[in-house]
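The values are calculated or read from the model by the stated rules, or taken from the named source; none is laboratory data. Given the structure is predicted, the values throughout are model-derived calculations rather than measurements. Virtual Cβ from ideal backbone geometry, glycine too; neighbours counted across all protein chains shown.
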Amino acid sequence: MIEKLKTELQIRGFSEKTIKAYVFHNQRFLDFVKKEPNEISEDDVKSYMAYLMAEKKQKPSSVNLVLSALKFMYQEIMKKRIFDNIKAPKNEKKLPTVLTKDEIERMIKAIKNLKHKLLIELMYSSGLRVSECVSIKTEDLNLQEKMGLIKSGKGKKDRNIILSRKLVSHLTDYLANRNDDNPYVFLVRDTHISVRQAQKIVHDAAKKAGIQKRVFCHALRSSFATHLLENGTDIRIIQELLGHSNIQTTERYTKVSRAQLKKVTSPFDI
């Protein structure tokens with residue numbers, strides 16, 4: 001059944017990352033319950049969820065991913081109605097980490113490697129996901145128009161992105177000094193740098209810049225959205241630039257716009 005699951009996921013066009021996760025979680029579940037797939041019941045799923053949350057101390061978001069994987073296997077493929085009375089745990093409503101413009105500038109200045117500087121500049125100035133940034137190709141960037149194209153982003157969707165005037169200047173110099181056939185902007189040997197490498201670059205830059213916040217790649221994307229919002233950009237335009245299917249995802253950034261909150265006068269001062 002695990003092979004059947006993998007085949008079905010591939011046919012439906014799921015990403016390699018999702019396929020790997022769904023296969024992994026379904027195999028772990030079967031190892032836990034020690035039953036054949038056709039013997040699985042509602043109680044088995046609930047027992048596993050309780051085990052993950054109580055024993056393994058997994059976060060609701062992690063348990064929900066497991067639940068999605070199991071639902072696909074038993075509801076979509078095996079047509080078993082065992083999830084009708086299973087409620088997903090509520091996700092923690094944490095605010096996304098947002099850096100100030102000064103903190104981002106400090107991160108960029110703290111890096112000596114030009115390629116690494118450009119990686120952070122592009123992620124922040126265009127609001128890219130780390131996976132989109134590391135795999136972007138030079139042919140996807142129109143430096144003259146200050147625009148770019150993300151091909152097959154999340155949900156297999158293409159979308160247009162903006163390019164900063166400063167970034168275009170830095171990219172032009174960087175690309176002019178390259179003499180290789182590698183199609184990727186952030187090349188390493190005959191491919192592109194990995195997501196893990198990009199995460200390390202961002203983490204190290206924040207550390208060198210003396211930033212106390214927990215900084216990771218997505219914080220640059222969150223900062224892009226929040227700073228646009230603070231500058232008066234329409235939220236639906238931000239939604240389009242980020243590639244969000246649902247406006248509610250973009251609206252998370254309205255809750256972290258400190259600049260807008262600071263404009264509010266307390267009733268105690270009125």
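Count of segment 78-95 residues, restricted to those that are buried (at least 16 other Cβ atoms within 10 Å of the Cβ) and either touching an Asp or Glu at 6+ places or on another chain (Cβ under 8 Å) or not in a loop (DSSP other than H, G, I, E, B) (or both), is 1. Scanning segment 17-28 for residues that are within 18 Å of Lys80 (Cβ to Cβ) and either surrounded by fewer than 16 Cβ atoms within 10 Å (Cβ to Cβ) or over 26 Å from the mean Cα position of the chain (by Cα) (or both) yields one hit, Gln27. Within the set Lys20, Lys46, Lys35, the sole residue that is part of a loop (DSSP other than H, G, I, E, B) and either of a type outside the set (Gly, Ala, Ser) or under 22 Å from Ala88 (Cα atoms) (or both) turns out to be Lys35. Does at least one position in segment 194-214 carry a residue that is in a strand (DSSP E or B), surrounded by 16 or more Cβ atoms within 10 Å (Cβ to Cβ) and assigned by TED's automatic domain parsing to the domain that holds Ile111? Among the residues of segment 194-214, not one is in a strand (DSSP E or B), surrounded by 16 or more Cβ atoms within 10 Å (Cβ to Cβ) and assigned by TED's automatic domain parsing to the domain that holds Ile111, which makes the answer no.
Table: residues versus (1) at positive phi; (2) surrounded by fewer than 22 Cβ atoms within 10 Å (Cβ to Cβ); (3) touching a Cys at 6+ places or on another chain (Cβ under 9 Å).
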| residue | (1), (2), (3) |
| --- | --- |
| Ser126 | no, no, yes |
| Arg129 | no, yes, yes |
| Lys157 | no, yes, no |
| Leu175 | no, yes, no |
| Asn182 | no, yes, no |
| Val185 | no, no, yes |
| His192 | no, yes, no |
| Ala219 | no, no, no |
| Gly232 | yes, yes, no |
